[in-house]
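The values are calculated or read from the model by the stated rules, or taken from the named source; none is laboratory data. Only a predicted model underlies this, so the values are computations on that prediction, with no experimental measurement involved. Positions of Cβ are backbone-derived with ideal geometry, glycine not excepted, and every protein chain shown enters the neighbour counts.
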Amino acid sequence: MPLLEVRDLHSGYKDMPVLHGNTFHVDEGQLVTIVGSNGAGKTTLLRTISGLLQPFAGSILFRGQPIHGQEPYRIVEQGIVQMPEGRQLFGHLTVKENLVVGSHISAARNRREETLHMVFDLFPILAERQTQQASTLSGGEQQMLATARALMARPRLLMLDEPSWGLAPMTMHHLFETIREINRQGVTILLVEQNVYQALSMADHAYVLERGNIVMEGGGQELLENPELKTAYLGL
């Protein structure tokens, strides 16, 4: 049984359909990526899984149970946590205060100190800057904080929306290595990413989304070698 299963999902904004009947799944322990051009519907897909958007039709199952139509906080309580595009930190709060906010559900509160140690091991710079206001961090540090805050909720499925957005190449490389390590530690990851080469090179399985439709899927390395994808997304 997949950890996450999406069946014939239609979604969008009010009277504007964006997703047109998509079906895919994520198995426990995998790192699965969704790639596509801007406006393809990637963020809409994550927001629908998170409950921030209600689907027009179709179903979303987590651990075999339907979650579509539920409130976002209920979905978080079941183990799905999304790191949103653009970070959306509380800039006036300190690094540690932002992390504490991420552990607000009861299961996470009970393990807060343990999880703080874990995220500080993953992101040592955050331990150094834990009393610093989030708004004063560099872009890369803010991205690390946004990822760490999502981990504070102890997710079984971590959904990352464009984590490399606005980052310098060296910072981006470090962040992707950390995402690999998070996955190795047992967190299933669904990654939406603009850097197609990097996303596919680290993926167990991948889906290509175009104009609201999944048009291609396969192993990450398999898709990297696909001539059509090379031409469309890698300029090769």
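Identify, from the list 148, 153, 199, the residue that is small (Gly, Ala, Ser), within 11 Å of residue 32 (Cα to Cα) and crowded, with 20+ Cβ neighbours inside 10 Å.
199
What residue, of 229, 200, 167, is closer than 19 Å to residue 41 by Cβ, touching a Gly at 6+ places or on another chain (Cβ under 6 Å) and either free of Cβ contacts under 8 Å to residues at least 40 places away in the same chain or part of a helix (DSSP H, G or I) (or both)?
Sole residue among the options that is closer than 19 Å to residue 41 by Cβ, touching a Gly at 6+ places or on another chain (Cβ under 6 Å) and either free of Cβ contacts under 8 Å to residues at least 40 places away in the same chain or part of a helix (DSSP H, G or I) (or both): 200.
Which ones in region 206-219 are touching a strand residue (DSSP E or B) at 6+ places or on another chain (Cβ under 7 Å) and surrounded by fewer than 20 Cβ atoms within 10 Å (Cβ to Cβ)?
Correct list: 213, 215, 216, 217, 218, 219.
For region 77-102, enumerate the residues that are in contact with a helix residue (DSSP H, G or I) (Cβ under 8 Å, 6 or more places away or on another chain), under 19 Å from residue 51 (Cβ atoms) and not acidic (Asp, Glu).
80, 81, 82, 83, 84, 88, 101, 102
May I ask you to say which residue of 208, 215 is closer than 21 Å to residue 25 by Cβ, out of contact with any helix residue (DSSP H, G or I) (no Cβ under 6 Å at 6 or more places or on another chain), touching a residue at least 60 places away in the same chain (Cβ under 8 Å) and not in a helix (DSSP H, G or I)?
Matching residue, one of 208, 215: 208.
Scan region 85-93 and give yes if some residue there is outside the structural domain of residue 234 (by TED's automatic domain parsing), at pLDDT 95 or above and in a loop (DSSP other than H, G, I, E, B), otherwise no.
Yes, region 85-93 contains at least one residue that is outside the structural domain of residue 234 (by TED's automatic domain parsing), at pLDDT 95 or above and in a loop (DSSP other than H, G, I, E, B).
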